[in-house]
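**Q** Okay, handing you the structure first.
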Amino acid sequence: QCVDWMPCICKETPFSKGFCVTSEDMDQNNGVIKVGSGDYGPDTDSLASCAKLCIENSEHTSSSYGCEAIFNQDNRGCYLHTNIVNKANGAENHACWIMDNDDANGEAVCQ
């Protein structure tokens, strides 16, 4: 079912496969806030729920760079990155959304 706050997720999720990494392909573990527990993927509805949590929680941080969904493993959950992340690395059971200022303000668009 489509969500009116971010209708593009119904057609194309903003997430890419893998966990969020820096431009040097290093896993970013600093500035990570867990904003939801449980599996947030791989289905589109779960990813949309994670995206919504990241947007809602980005209002309480000075910077929001990414949103990471983890599923089917012990550290499952939805995580907001407040330190710089640049891309997803293709790893299984993870999905990464690189946010920009419009995304953090709830005005996300599909790219």
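The values are calculated or read from the model by the stated rules, or taken from the named source; none is laboratory data. Just so we're clear, the structure is a prediction, and the values are computed from it rather than from any experiment. Cβ coordinates were reconstructed from backbone atoms using ideal geometry, including for glycine residues, and neighbour counts include every protein chain displayed. Side chains are part of the model used for accessible areas, which takes the heavy atoms of the whole protein and leaves out ligands, DNA and RNA. Shrake-Rupley method; radii C 1.70, N 1.55, O 1.52, S 1.80 Å.
**Q** N72 is checked against (1) farther than 13 Å from F15 by Cβ; (2) in contact with a strand residue (DSSP E or B) (Cβ under 7 Å, 6 or more places away or on another chain); (3) polar (S, T, N, Q); (4) at pLDDT 90 or above and fails just one. What number does that condition carry?
**A** (2)
**Q** Filter region 64-86 down to residues that are surrounded by 22 or more Cβ atoms within 10 Å (Cβ to Cβ) and among the small types (G, A, S) and give me whichever is nearest to F19 (Cα to Cα).
**A** It comes out as A69.
**Q** In addition: Please count how many residues of region 32-63 are surrounded by fewer than 17 Cβ atoms within 10 Å (Cβ to Cβ) and part of a loop (DSSP other than H, G, I, E, B).
**A** 7
**Q** Specify the residue that is farthest from the chain's Cα centre (by Cα); the eligible residues are those in region 1-42 that are of a type in the set (A, V, I, L, M, F, W, C) and modelled with pLDDT under 55.
**A** That would be C2.
**Q** Ok, one more. Across region 13-26, what is the total count of residues that are in contact (Cβ under 8 Å) with a residue 40 or more places away in the chain and either open to solvent by 40 Å² or more (accessible area, probe 1.4 Å) or among the hydroxyl-bearing types (S, T, Y) (or both)? Don't jump to the end; show me each part of the working.
**A** Step one: list which residues in region 13-26 are in contact (Cβ under 8 Å) with a residue 40 or more places away in the chain, which gives 13-23, 25.
Of the ones still in play, those that are also either open to solvent by 40 Å² or more (accessible area, probe 1.4 Å) or among the hydroxyl-bearing types (S, T, Y) (or both) are 13, 16-17, 19, 22-23, 25.
Within region 13-26, residues that are in contact (Cβ under 8 Å) with a residue 40 or more places away in the chain and either open to solvent by 40 Å² or more (accessible area, probe 1.4 Å) or among the hydroxyl-bearing types (S, T, Y) (or both) number 7.
**Q** Related question: Could you check region 89-102 and list, in sequence order, the residues that are modelled with pLDDT of 90 or more and over 10 Å from the mean Cα position of the chain (by Cα)?
**A** N89, G90, A91, E92, N93
**Q** Quick one: would you say N105 is open to solvent by 70 Å² or more (accessible area, probe 1.4 Å), at pLDDT below 85 and of a type in the set (S, T, N, Q)?
**A** Numbers: open to solvent by 70 Å² or more (accessible area, probe 1.4 Å): yes; at pLDDT below 85: yes; of a type in the set (S, T, N, Q): yes.
In short, yes.
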